[in-house]
Amino acid sequence: MILKHKKTQILFSLICFFCLVFIILFALRNNVKNFNKSISQISKEINKEKNLIKVLESDFTNLSKLNRINKIAKEKLGLERTNSYQVKKLSDFKIN
């Protein structure tokens, strides 16, 4: 048998150990690559969502301008500024 001598047994054991370590490191490297791909994909999605949020914020800012709202209220709804004589006090209403 080839493993009769102590030195040969130790050498064979070391070779097996290093092969096992090599296999483990290779698997670990592949897992890290997969995690990096996932992280980069998630990062791209986050950036895309941030850009959409910026667009929505700018749209909201543009749509909520007071001059624009007043113009639409006047043109579409026929609303005008409220005069003081149009405002009623709470005491003017009869509460039973």
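Residues are listed down the side, and each one gets a yes or a no for (1) of a type in the set (A, V, I, L, M, F, W, C); (2) exposed (fewer than 10 other Cβ atoms within 10 Å of the Cβ):
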| residue | (1), (2) |
| --- | --- |
| 6 | no, yes |
| 24 | yes, no |
| 38 | no, no |
| 41 | no, no |
| 59 | no, no |
| 79 | yes, no |
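Residues of the range 48-96 being assigned to a helix (DSSP H, G or I) and either of a type in the set (D, E, K, R) or on the phi > 0 side of the Ramachandran plot (or both), which ones?
48, 49, 50, 54, 57, 59, 68, 71, 74, 75, 76, 92
Read-outs: derived from the displayed coordinates by stated rules, not from any lab. Just so you know, these numbers come straight off a predicted model, no measurement behind them. Counting neighbours? That spans all protein chains shown, and the Cβs are built from the backbone with ideal geometry, glycine included.
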